[in-house]
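Below is one structure, written out as structure tokens; the observations come after it.
The values are calculated or read from the model by the stated rules, or taken from the named source; none is laboratory data. The structure displayed is predicted, hence computed values, not measured ones. Counting neighbours? That spans all protein chains shown, and the Cβs are built from the backbone with ideal geometry, glycine included.
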Amino acid sequence: MGQNQAAHASSDDVSGEEEFDPIGTLTLIGIYFVILLLAWVYIYYIEFLGRDLVVVG
Amino acid sequence: MHIHAYEKLWLAASILLILLLIGSVTYGAVGPGVAMVSDSEQPIDAQGLDEDERFSEPRVEQVGDNEYAAYVVAYQFGFTPDPIVVPENSTVTFYVTSRDVIHGFEVVGTNANTMVVPGEVSEITVEVDGSKEYGLICNEYCGAGHHVMEGNVNVVSQEEFENRNSGGDDA
């Protein structure tokens, strides 16, 4: 009976997987992504390139 | 293979991030011209700096139109010349060597930062802007007096630079 249910569930997967909707994870990764972008822009363009005596050779 | 729509999304985002990182480093090299410390200098005899034409008399000299070369010797525990005086709005190439142990050459708060190895000449070229006094420190532990090893890099006006140089010649 249990196996039947499992088999039944997996045969539904094709439609069921799209219903798996980890919106919280997506949001979290989105926030991390934005933090990473801002941190990179700040570190490279503002802190590094904005400093004096840029080494050119 | 079935890939979830969200997974496609963050795969794309991570590829975008990689391209962005590579892109900004490329921009840095092409736009502002950020470069690495050069390794093109020939080795020299660290014990024979007294006879070396560049380092027997550490100094700043004009080598081209608005281009200056600063020959600097690092030693336990200081830098010579001190202060290193360069004119504003110019291109300065530092040639730094050590006569004893490994030192660091870091113009404080700037990107001018290199290791100084006895027998080698570290070459870094920088663009200097307006008049300003920078600190200069050793950032490689070099012995008991490492913490007091410091110097100055003074960016002065063109006039003051010439005055100092002609004053130096007279004396």
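Annotation note: of B:Tyr27, B:Tyr6, the sole residue that is over 30 Å from B:Glu160 (Cα atoms), in contact with a helix residue (DSSP H, G or I) (Cβ under 8 Å, 6 or more places away or on another chain) and either within 14 Å of chain A (Cβ to nearest Cβ) or assigned to a strand (DSSP E or B) (or both) is B:Tyr6. Taking the listed residues B:Tyr141, B:Tyr134, the one that is closer than 29 Å to A:Leu49 by Cα and out of contact with any strand residue (DSSP E or B) (no Cβ under 7 Å at 6 or more places or on another chain) is B:Tyr141, with no other qualifying.
Counted as qualifying within the stretch B:33-93 are the strands (runs of 3 or more DSSP E) with 1 or more residues that are surrounded by fewer than 16 Cβ atoms within 10 Å (Cβ to Cβ), namely B:60-64, B:67-75.
Among residues of the stretch B:141-162 being crowded, with 18+ Cβ neighbours inside 10 Å and either among the acidic types (Asp, Glu) or part of a loop (DSSP other than H, G, I, E, B) (or both), the one that is farthest from the other protein chains (Cβ to nearest Cβ) is B:Cys142. Within the stretch B:126-143, being closer than 18 Å to B:Gly104 by Cβ and either touching a residue at least 12 places away in the same chain (Cβ under 8 Å) or acidic (Asp, Glu) (or both) holds for B:Val126, B:Tyr134, B:Gly135, B:Leu136, B:Ile137, B:Cys138, B:Asn139, B:Glu140, B:Cys142, B:Gly143.
The residues of the stretch B:31-87 that are at pLDDT 90 or above, of a type in the set (Gly, Ala, Ser) and either in contact with a His (Cβ under 8 Å, 6 or more places away or on another chain) or farther than 22 Å from B:Tyr141 by Cα (or both), listed by number, are B:Ala69, B:Ala70, B:Ala74. The residue list B:Val126, B:Val156 contains one member that is of a type in the set (A, V, I, L, M) and more than 16 Å from the chain's Cα centre (by Cα), which is B:Val156.
Before we move on, is B:Ala74 within 13 Å of another protein chain (Cβ to nearest Cβ) and either more than 24 Å from A:Phe48 (Cα to Cα) or small (Gly, Ala, Ser) (or both)? Spelling it out, it is not the case that B:Ala74 is within 13 Å of another protein chain (Cβ to nearest Cβ) and either more than 24 Å from A:Phe48 (Cα to Cα) or small (Gly, Ala, Ser) (or both). Selection within the stretch B:102-135: residues that are of a type in the set (Gly, Ala, Ser) and assigned to a loop (DSSP other than H, G, I, E, B). The member of this set that is nearest to the other protein chains (Cβ to nearest Cβ) is B:Ala112.
Just one of (1) charged (D, E, K, R); (2) free of Cβ contacts under 8 Å to residues at least 12 places away in the same chain; (3) more than 21 Å from B:Gly64 (Cβ to Cβ) fails for B:Glu159. It is (3). Would it be correct to say that A:Glu17 is within 7 Å of another protein chain (Cβ to nearest Cβ), over 17 Å from B:Ala29 (Cβ atoms) and modelled with pLDDT of 55 or more? Against the criterion (within 7 Å of another protein chain (Cβ to nearest Cβ), over 17 Å from B:Ala29 (Cβ atoms) and modelled with pLDDT of 55 or more), A:Glu17 qualifies.
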